[in-house]
Amino acid sequence: MVDAMPRAVERISAARTFGVGLATAILLAAGAPALADVFESQHGPVRVETVASGLVHPWGLAFLPDRAMLVTERPGRVRIATPDGALSQPLSGTPDVAASGQGGMLDVALDPDFETNNLVYLAFAEARDGGAALSVARARLDRDGLALHDVETIFRQQPATPGGRHFGARLAFSPDGTLFISSGDRGDRSDDAQEPGNHIGALMRINPDGSIPPGNPAETREGWAPEVWSIGHRNIQGAAIEPATGILWTNEHGARGGDEINIPEAGLNYGWPVIAYGRHYSGAPIGEGTHREGMEQPVYYWDPSIAPSGMAFYEGDVFPEWRGDIFIGALAGQHLARLSVEGASIVAEERLLDGLQERIRDVRSGPDGMIYLLTDASDGRILRLVPADR
């Protein structure tokens, strides 16, 4: 039995209201693995294979067209892993990072037109006057030379602050070609997450060259920074586009409880630190409680916290029962959460790989139909989930 029962709440947005109603629908993992590398699930046993190991706190994973993978390591490196797990030397030309605490080289994403332009995007913590902050660079990948060229920083979070916590740093390309960038509240700047004129505790939306696309809230709302899409986020650690709708879903860390899943909409306020489903680490209450007029409710939340991280919608055929489900890695929870989706609601959860005892940092639906994971450790791994009978 897991040690935390997720709770669902009603999400009320400016456009629509969704009832979640999970009282009888929570699904739990079937138990400990039967073998060292085989784990039970509601749709049969799954095998966990190690694709590559020896990575130092790997953070982000992106598949290249030939099924090789770009993988980042938090100390500041980017490598290429072949489908059979061979790791390249670190790429040259990567930007300098502030590798302290939770900061360093973080997420990676391919340009939607990568096959013609070879552009990749890196989210990283950058040292600046006043401390550090999230930045995003794009560069041209030279596979043969194991190098990045024409590196250009296209976004810099403002302001920079001291400390090494809560950088956010997930990247997700929308079907319209714009790039979503998540940020955190930097750990001690929570109140700034309610200020739309900065990039603290916010979700940003930009063009691939860093310019501002039409449709951002600043067009009609005074005081909003041009890049900002939504505010009131604590630390968005997962972001994924739903394939069937093209809509962005995110997850973010709560404090002691209150991890959230949201569907962020332009110009809306998601409440942190005024409302939250959780308490401060001291045990003290957060803000005003769980509701306030003008602030959005999450689609789903966890209390106690599982510390959600990378997330992906499963699109493959290898696990047909899971198609369209969301998979989210849990850091503190050390498991993989599978969430069943109906419309804009989470209707069931299954906790997988409970016995793995690994912090799961990123999750990707692979082009081969398998599910790929990164484990956050000094000897981190790329893992692959396959049906046990294959």
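For the stretch 254-304, what is the Kirkwood estimate of the hydrodynamic radius, computed as the reciprocal of the mean inverse distance between distinct Cα atoms, to one decimal in Å? When all Cα pairs of the stretch 254-304 are included, the Kirkwood radius is 11.0 Å.
A crude spin-label estimate for the pair Asp191 and Asp368, with each label 7 Å from Cα along the Cβ direction, gives 5.3 nm.
Can you give the FRET efficiency to the nearest 0.05 for Glu321 and Thr50, using r as the Cβ-Cβ distance and R₀ = 22 Å? Once the sixth-power term is evaluated, E becomes 0.35. For a quick check of your reading of the filter: which GluC sites (Glu not before Pro) in the stretch 286-317 sit in a DSSP loop and have no more than 10 other Cβ atoms within 10 Å? For GluC sites (Glu not before Pro) across the stretch 286-317 that sit outside H, G, I, E and B with at most 10 neighbouring Cβ atoms in 10 Å, the list reads Glu293. Take the Cβ-Cβ distance between Asp37 and Ala377 as r, set R0 to 22 Å, and report the resulting FRET efficiency rounded to the nearest 0.05. E(calc), rounded to 0.05, equals 0.85.
3J(HN,Hα) couplings calculated from phi for the stretch 183-196 with the Karplus curve 6.51 cos²θ - 1.76 cosθ + 1.60 (θ = phi - 60°) are, in sequence order, 10, x, 8, 6, x, 10, 10, 4, 4, 5, 5, 9, 9, x Hz; Gly and Pro show x. The helix-only estimate of mean residue ellipticity at 222 nm for the chain, built from DSSP H runs of length n ≥ 4 each weighted as -39500 (n - 2.57), is 0 deg cm²/dmol after division by the residue total. In a DSSP loop and with at most 10 other Cβ atoms within 10 Å, the GluC sites (Glu not before Pro) in the stretch 159-260 are Glu222. Between the stretch 106-134 and the stretch 159-203, the alpha-carbon centres lie 14 Å apart. What separates the Cα centres of the stretch 327-390 and the stretch 273-312 is a distance of 22 Å.
To the nearest 0.05, what FRET efficiency results for Glu115 and Glu219 with a Förster distance of 30 Å applied to their C-beta separation? About 0.40, to the nearest 0.05. For the stretch 246-290, run through the chymotrypsin sites (Phe, Trp or Tyr not before Pro) and keep only the ones in DSSP coil with at most 14 other Cβ atoms within 10 Å of their Cβ. Sparse-neighbourhood loop chymotrypsin sites (Phe, Trp or Tyr not before Pro): Tyr281.
Every number in this text was worked out from the coordinates using simple rules, so none of it is lab data. Not measured: the values here are computed from a predicted model. With ideal geometry, Cβ positions are generated from the backbone for all residues, glycine too; neighbour counts draw on all protein chains shown.
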